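The values are calculated or read from the model by the stated rules, or taken from the named source; none is laboratory data. Keep in mind that this is a model prediction, so the values were computed, not measured. Every residue, glycine among them, receives a Cβ derived from its backbone with ideal geometry; neighbour counts consider all protein chains shown.
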Amino acid sequence: MVRVPETKVALSTASVYPESTATAFEIAARLGYDGVEIMVWTDPVSQDIEALRRLSDYHQVPVLAIHAPCLLITQRVWSTDPWVKLQRARAAAERLGSAAVVVHPPFRWQRQYVRDFVTGIWRMAGETDVRFAVENMYPWRYRDREMLAYAPDWDVTKDDYRHFTVDLSHTATARTDAMAMIDRMGDRLGHVHLADGKGSAKDEHLVPGRGTQPCAELLERLAANAYDGHVVIEVNTRRAMSAAEREADLAEALAFTRLHLVRPGTRPAAASKTAASKAQASEPASEGASASEGAAAAGGSSAACESRTPGASGAHPS
Amino acid sequence: MRLGVLDVGSNTVHLLAVDAHRGARPLPAHSHKAELRLAELLDTDGAIGPEGVDRLVATITDALQAAEDKGCEDVLSFATSAVREATNVEQVLGRVKSETGVDLEVLTGEEEARLTFLAARRWFGWSAGKLLVLDIGGGSLEIAYGLDEEPDAAVSLPLGAGRLTAAWLPGDPPDPVDVKALRRHVRAQIARTVGEFARFGAPDHVVATSKTFRQLARLAGAARSADGLYVQRELSRTSLEEWVPKLAAMTAAQRAGLPGVSEDRSPQLVAGALVAEGAMDLFGIEVVEICPWALREGIILRRLDQLPTTT
């Protein structure tokens, strides 16, 4: 009767920055995540498939997805050729048994890559079982100006791709309706980056529940629609003042996700207890957070999850 | 051929034009610089605000014009701590790219430490033996140790003088309570990494690069910069320890009146001195030798090494 969600919840290695990729495996294992997504960037370990395989074996944490190095800060990681980056990401995914490669749309000034992007992604997707899940981005805003950094478009649903990644921090920054975007993606939604945002010009990547995005609603939708991808927690903890604070945030994000990753109306006490006990078991660092998650689970109420405010991590030293 | 090197540092944006051939000394034929102090322009979220990026874009545009004027055929562009650690690094790089065409290469902290080490090694030579190299930038402190040209250990800590001043020392003169808190923070951060270096044994020479160290050495009596590159300069821990409380009690304007201290950098000198003192104390260093070369020269040297030999 009770449907145990099969969707796996992974921790993005970017979520522990400035801590290392290796630390992300360790934290994912300790908190009870089902796996990790590797953000391939300047940390040399993130670029080394053998090192990742050893970390995965050692911690018994599978690598569920690879985020290709398509940030500006990773221009020289793996290759300067964007297609070579994707081929290497695919090879990493195949070697590590990952389901998906996350790809950003090209930057507007990568003209040839922009021209070939849609057909090239289809061609690469046709050669492997790994999903190339193209992620929604956002227009860059500063003062009263807007800069369209991505092409063909930051709204990837305007183009034809086999799989999409939806990112709920990016929908907040784009000030676009996340649920409408998910509707447009339909059954091509192949991968989820769960985070939250309040609609500022900065791509915030808050712990889900701390912003304005429909995180709980999205998770319920995934559960109801027999979504067959993974959910990846991609949050920003760089302002955490201590390792304990970072872990508390990541435990809260996991508890929130498990709590809501069930079909609406089918969240009986048993399922909630699972979420609550996971929250408590995995959260030695923060009494307050685990108590509030427990309360949320027992009540089955999504409103109670908005308990912690980001103000607690204010960074000015005293 | 003439090569331009554009260095977007945490304090300064610097363009050097170098006549590049294999085996050349990494000295500029021309130098153009602007003080931006990006590390002090970070907002409360750690992002570089729109005004800061505007200034960066304008400065890079000027530098590119200078590179063209001086006949540079190619410009190597790189950025360090302030850009690297900005929470909006993607937007900063994207605006620079779209408005100037420059692909800024963001060095990791470890690369920064390694390239600075290479410059120090080439400056002092193989006869200097095992080197420990310290560099206090605007955004980060780099520490590297080694016997070769590649260091055996290299770390970067977010303890740059500009970054710390902006985050910890708002007052002028700084509040003694803030100075004490910063001192504790700096020492805790450095103490965590001392262990990584302890296993290598004592260095034969301790080398300090960066404007912060040069200014502190000048205060403690080293030769003026006008006396040239090739004068030996050093800074002892005892003289540094005498200067730290004096610097902390002065206003930025008073510090700017000291020998060798520029008006631009005088606000950062207290934080820089606390980092220098903390590093010397925790690493057990009695005296550092000042090296006029650092990261920029390291980058040029590495690039020159890759040029084909001309016969």
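General observations
- Test: residue in segment A:1-24 that is polar (S, T, N, Q), under 24 Å from A:Tyr150 (Cβ atoms) and surrounded by fewer than 22 Cβ atoms within 10 Å (Cβ to Cβ): no
- Among the residues listed as B:Ala222, B:Ala191, B:Ala208, the single one being touching a strand residue (DSSP E or B) at 6+ places or on another chain (Cβ under 9 Å) and either at pLDDT 90 or above or β-branched (Val, Ile, Thr) (or both): B:Ala208
- Matching residues in segment A:188-216 - criterion: being among the charged types (D, E, K, R), away from chain B (no Cβ under 14 Å) and in contact (Cβ under 8 Å) with a residue 40 or more places away in the chain: A:Arg210
- Among residues of segment B:66-84 being β-branched (Val, Ile, Thr) and under 25 Å from B:Leu164 (Cα atoms), the one that is surrounded by the most Cβ atoms within 10 Å (Cβ to Cβ) is B:Thr80.
- Across segment B:31-70, the number of residues qualifying as more than 14 Å from chain A (Cβ to nearest Cβ) and over 20 Å from the mean Cα position of the chain (by Cα) comes to 10.
- Segment A:29-57, residues that are away from chain B (no Cβ under 14 Å) and more than 21 Å from A:Leu250 (Cβ to Cβ): A:Asp48, A:Ile49, A:Glu50, A:Ala51, A:Arg53, A:Arg54, A:Asp57
- Of the numbered criteria (1) crowded, with 21+ Cβ neighbours inside 10 Å; (2) within 12 Å of another protein chain (Cβ to nearest Cβ), the one B:Asp135 fails is (2).
- Residue match in segment B:84-107 (condition: away from chain A (no Cβ under 11 Å), in contact with a strand residue (DSSP E or B) (Cβ under 8 Å, 6 or more places away or on another chain) and of a type in the set (Asp, Glu)): no
- Candidate set: segment B:149-181, residues that are free of Cβ contacts under 8 Å to residues at least 12 places away in the same chain and in a loop (DSSP other than H, G, I, E, B); chosen: the one farthest from B:Val106 (Cα to Cα): B:Asp175
- Within segment A:12-33, the set of residues being touching a residue at least 60 places away in the same chain (Cβ under 8 Å) and more than 22 Å from A:Arg90 (Cβ to Cβ) comprises A:Ser15, A:Val16, A:Tyr17, A:Pro18, A:Glu19, A:Ile27, A:Arg30, A:Leu31, A:Gly32, A:Tyr33.
- Screening the candidates A:Val235, A:Val262 for the property of being more than 14 Å from every other protein chain (Cβ to nearest Cβ) and closer than 19 Å to A:Gly32 by Cβ yields one hit, A:Val262.
- Residue tally, condition touching a residue at least 24 places away in the same chain (Cβ under 8 Å), among the polar types (S, T, N, Q) and touching a strand residue (DSSP E or B) at 6+ places or on another chain (Cβ under 9 Å), over segment B:16-64: 1
- Test: residue in segment A:153-163 that is crowded, with 22+ Cβ neighbours inside 10 Å, closer than 22 Å to A:Pro208 by Cβ, out of contact with any helix residue (DSSP H, G or I) (no Cβ under 7 Å at 6 or more places or on another chain) and at pLDDT 95 or above: yes
- Candidates A:Asp177, A:Asp159, A:Asp144, filtered to the one that is out of contact with any strand residue (DSSP E or B) (no Cβ under 9 Å at 6 or more places or on another chain) and more than 14 Å from chain B (Cβ to nearest Cβ): A:Asp177
- Candidates B:Ala24, B:Ala20, B:Ala39, B:Ala63 - the one that is touching a helix residue (DSSP H, G or I) at 6+ places or on another chain (Cβ under 7 Å) and buried (at least 23 other Cβ atoms within 10 Å of the Cβ): B:Ala39
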